[in-house]
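Have a look at the structure below before the remarks.
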Amino acid sequence: MYTASCLCGGIHFKIHAEIPKIFICHCKQCQKAQGSAFAAIASIKTQDLEIVRGEELFKEYFATENKKRVFCKNCGSPIFSARLDLPDVVRLRVGIINESLAAKINSHAYTKYKAEWFEIFDDHEQFEEAYIA
Ligand SMILES: [Zn+2]
Ligand SMILES: [Zn+2]
């Protein structure tokens, strides 16, 4: 089990699952949403997330119709994204996990849109567009 929390600590939840893979999304929306070159993401089953506190701080933003991005409305930490047509899965932002992770980066998605100032130094699988599971 892992725990995760936002920067202000208002949102706190438990993750009742292993996190075997981390993938990096280089799409422009993730760059904007993180204020950085990419988002580091783990796919988690929605049912494995147990919100301990702070559900009232969840703020949703839809950059595209089908996908919500959830962040803390107090401190702005990105929490997860979720597609409306895939309600059983959330894409957790790995940086909010409190414990050390054994998993390493598994792949890179949307590399076609990668920030030109960021170089990928690892040799993990790359997808020019969406990650293909
Ligand atoms: Zn917060
Ligand atoms: Zn993205």
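The values are calculated or read from the model by the stated rules, or taken from the named source; none is laboratory data. All values reported here derive from a predicted model rather than from experimental measurement. Every residue, glycine among them, receives a Cβ derived from its backbone with ideal geometry; neighbour counts consider all protein chains shown. The accessibility values were calculated without ligands, DNA or RNA, using every heavy atom of the protein model including side chains. Shrake-Rupley method; radii C 1.70, N 1.55, O 1.52, S 1.80 Å.
Residue-level check: of (1) in contact with a Pro (Cβ under 7 Å, 6 or more places away or on another chain); (2) open to solvent by less than 40 Å² (accessible area, probe 1.4 Å), ALA37 misses just (1). Scanning region 51-65 for residues that are away from ligand 1 (no atom under 16 Å from the Cβ) and over 19 Å from ALA109 (Cα atoms), we see that the one that is surrounded by the most Cβ atoms within 10 Å (Cβ to Cβ) is PHE62.
Quick check, is LYS68 open to solvent by 40 Å² or more (accessible area, probe 1.4 Å) and farther than 21 Å from GLU128 by Cβ?
yes
For the criterion of being touching a Phe, Trp or Tyr at 6+ places or on another chain (Cβ under 9 Å) and of a type in the set (Gly, Ala, Ser), SER77 passes. Checked across region 53-68, the condition of being assigned to a loop (DSSP other than H, G, I, E, B) and of a type in the set (Ser, Thr, Tyr) holds for no residue. Against the test of being in contact (Cβ under 8 Å) with a residue 40 or more places away in the chain, in contact with a helix residue (DSSP H, G or I) (Cβ under 8 Å, 6 or more places away or on another chain), under 23 Å from LYS104 (Cβ atoms) and away from ligand 2 (no atom under 16 Å from the Cβ), the options ALA4, ALA42 yield a single qualifying residue, ALA4. Of all residues in region 1-50, those satisfying the criterion of being touching a Ser or Thr at 6+ places or on another chain (Cβ under 9 Å), under 21 Å from ALA103 (Cα atoms), within 15 Å of ligand 1 (Cβ to nearest atom) and in a strand (DSSP E or B) are SER5, PHE13.
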